[in-house]
Structures are given as C-alpha cells and as structure tokens.
Amino acid sequence: MNYRSYLKTDHWREFRRMILDENPYCERCGEIATQVHHITYENLGNETDADVEALCVKCHKEEHFLDFDDEAEF
C-alpha cells in the first residue's frame, strides 16, 4: 500500500486522533496541533508515539519546505 492510501485507512485515522488527543499543542512551537508528522517511516502501519510528532500547520510546512494551502493534504 502506498503512503497516500495508508493515510486514508481507519488505522491511521485512529492513531492520528490518539496522537492529537495526547498532544493537542505543537511539539515545536506550542500552537494548536492539527497535523501528525512521521519522524520515521520505519514502522509505517505499526507506528509508536516515538515515530511521529504533533505539529501545527506552520511547523509541518517548514518541516517539508512546502507551500500548501490545503490542510487535508497532511
């Protein structure tokens, strides 16, 4: 399964929600976190808390050097 397909799975959605519930603030700047960023893809599909971090949109954009307007992409 490719990464984009994985992000649409119930497993990822539940894991993402758990991370955001546990970490409602960006782990870098303290703003409201709305995104979950993979620090590593080694455990894709079996992530642990250590594999991801809760980020705000701004910090996630900076991490990927992106200029995106659609939050749904992440």
Going through (1) surrounded by 12 or more Cβ atoms within 10 Å (Cβ to Cβ); (2) modelled with pLDDT of 95 or more one by one, Arg13 fails only at (1)
Quick count over the range 16-59, residues being surrounded by 16 or more Cβ atoms within 10 Å (Cβ to Cβ) and part of a helix (DSSP H, G or I), is 6
Per the filter on the range 19-62, residues under 20 Å from Tyr6 (Cα atoms) and of a type in the set (Asp, Glu) are Glu42, Glu47, Asp49, Asp51, Glu53
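Picking from Phe65, Phe15, which residue would you name as being aromatic (Phe, Trp, Tyr) and more than 12 Å from the chain's Cα centre (by Cα)? Walk me through how you get there before you give the answer.
Values: Phe15 fails: more than 12 Å from the chain's Cα centre (by Cα).
Sole residue among the options that is aromatic (Phe, Trp, Tyr) and more than 12 Å from the chain's Cα centre (by Cα): Phe65.
The values are calculated or read from the model by the stated rules, or taken from the named source; none is laboratory data. Because the structure is a prediction, the values reported are computed rather than measured. Quick reminder, even Gly has a Cβ in these numbers, built from the backbone with ideal geometry, and neighbours come from all protein chains shown.
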